[in-house]
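Here the structure comes first, spelled out in structure tokens, and everything after it is commentary.
The values are calculated or read from the model by the stated rules, or taken from the named source; none is laboratory data. Keep in mind the model is a prediction, meaning the values are calculated, not measured. Cβ placement follows ideal geometry from the backbone for every residue including glycine, while neighbour counts extend to all protein chains displayed. When the accessible area is computed, the model is the full protein with side chains, heavy atoms only, and any ligands, DNA or RNA have been set aside. Shrake-Rupley method; radii C 1.70, N 1.55, O 1.52, S 1.80 Å.
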Amino acid sequence: MKYISVAIDGPSGAGKSTLARRAAAEMGYLYVDTGAIYRTVAVGALRRGVDPADAAAVESILSDMHIRLAYDPKDGLQHMYLDGEDVSEQIRLHEISQHASTISAIPKVREFLLDLQRDLARNNHVVMDGRDIGTVVLPDAQVKIFLTASAQARAERRFLELQQRGQQADFDTVLRDIILRDEQDSNRPIAPLRRADDAVLIDTTELDLEQSLQAIVSAVRKGIAV
Ligand code: DC
């Protein structure tokens with residue numbers, strides 16, 4: 001059976017995970033949040049006392065790190081396991097975002113995670129979100145979407161999300177971190193964040209959640225109809 005892949009890439013805070021998850025549910029596809037995988041590697045490094053910026057040290061612990069992705073049978077949500085422990089909550093801490101961005105620039109880390117991501121798409125219809133899904137992980141995806149929004153709009157959304165999670169946040173710091181992460185993710189030499197030539201561009205700055213979802217679902221339906 002030929003499985004359909006929908007690749008959604010874009011900068012942090014563009015609404016990718018919420019929208020990709022809802023679009024996947026609407027289409028009956030599996031939702032794969034690849035950022036969560038990089039976040040898990042970052043937590044794994046920190047727990048081993050390794051600085052995510054120290055490429056050689058990170059490379060030396062990769063084979064010893066056991067990373068697993070599983071879906072909760074009750075709510076269908078993706079959970080991340082690190083060395084057998086469910087770390088789905090810890091990976092969402094604000095400080096992990098920056099570490100995940102740093103660690104994701106290490107070529108060996110990206111290589112290490114490639115098969116895990118591709119295997120999911122080989123065996124399921126997927127909506128996979130990340131930074132390099134349409135360009136590197138699934139270059140043959142039937143539908144590619146580049147989802148973006150202004151840095152200000154993305155920071156406002158991330159700030160609200162952190163508040164709702166009960167995490168301390170300061171708006172200027174959130175905005176600064178978003179800009180820094182955009183720079184880091186877009187300028188790294190390997191698999192930088194960029195729009196694939198054949199990706200549909202969706203800018204959600206002026207769209208609410210429902211409008212954004214409709215834009216995505218209609219791009220997906222159009223893409224798989226051809
Ligand atoms: O989507 P997110 O914020 O959870 O991702 C965390 C970091 O992981 C992000 O700053 C860059 C990196 N990442 C990546 O390099 N490639 C992906 N496919 C997904 C995330």
Which pairs in the list LYS2/LYS144; LYS74/LYS144; LYS16/LYS222; LYS16/LYS144; LYS2/LYS108 are over 21 Å apart, alpha-carbon to alpha-carbon?
LYS74/LYS144; LYS2/LYS108
Taking springs between alpha-carbon atoms closer than 10 angstrom, which of ASP33, ASP72, ASP115 fluctuates most in the Gaussian network model of the chain?
ASP72
Report the extension gain between SER150 and ASP72 in nm, rounded to one decimal, defined as 0.36 nm multiplied by the number of residues separating them, less their alpha carbon distance.
24.8 nm
In region 139-172, what trypsin sites (Lys or Arg not before Pro) fall in a loop by DSSP, with at most 16 other Cβ atoms inside 10 Å?
ARG165
Amide H contacts of VAL6 (H built 1.01 Å from N, under 5 Å, at least 5 apart or other chain)
VAL126, VAL127, MET128
How large a share of the accessible area of region 5-68, in percent, is made up of carbon and sulfur atoms when the probe is 1.4 Å and the other protein chains stay in place?
47 percent
Lys, Arg +1 and Asp, Glu -1 on Cβ, resulting dipole of the chain about Cα centre, debye, nearest 20:
480 debye
For the pair TYR81 and ASP115, the simple spin-label estimate (label points 7 Å beyond Cα toward Cβ) gives in nm 1.8 nm
Measuring with a 1.4 Å probe in the full set of protein chains, what accessible area per residue, in whole Å², belongs to the chain?
48 Å²
Based on Cβ point charges of +1 for Lys and Arg and -1 for Asp and Glu, what charge dipole magnitude is obtained for region 112-177 about its Cα centre, in debye rounded to the nearest 20?
100 debye
First compute the accessible area of region 80-226 with a 1.4 Å probe, then give the percent of it belonging to carbon and sulfur atoms.
51 percent
Counting only helical runs of four or more DSSP H residues, what would the 222 nm mean residue ellipticity of the chain come to if each run contributes -39,500 (n - 2.57) and the total is spread over all its residues?
-15500 deg cm²/dmol
Show the residues, 5+ positions off or on another chain, whose built amide H is closer than 5 Å to the amide H of THR148.
ILE202, ASP203, THR204
Arrange the residues LYS108, LYS16, LYS74 by how much accessible surface each exposes, largest first, with a 1.4 angstrom probe.
LYS74, LYS108, LYS16
Would you mind finding the longest exposed-site-free stretch of the chain, with exposed GluC sites (Glu not before Pro) meaning DSSP loop and at most 12 other Cβ atoms within 10 Å?
90-205
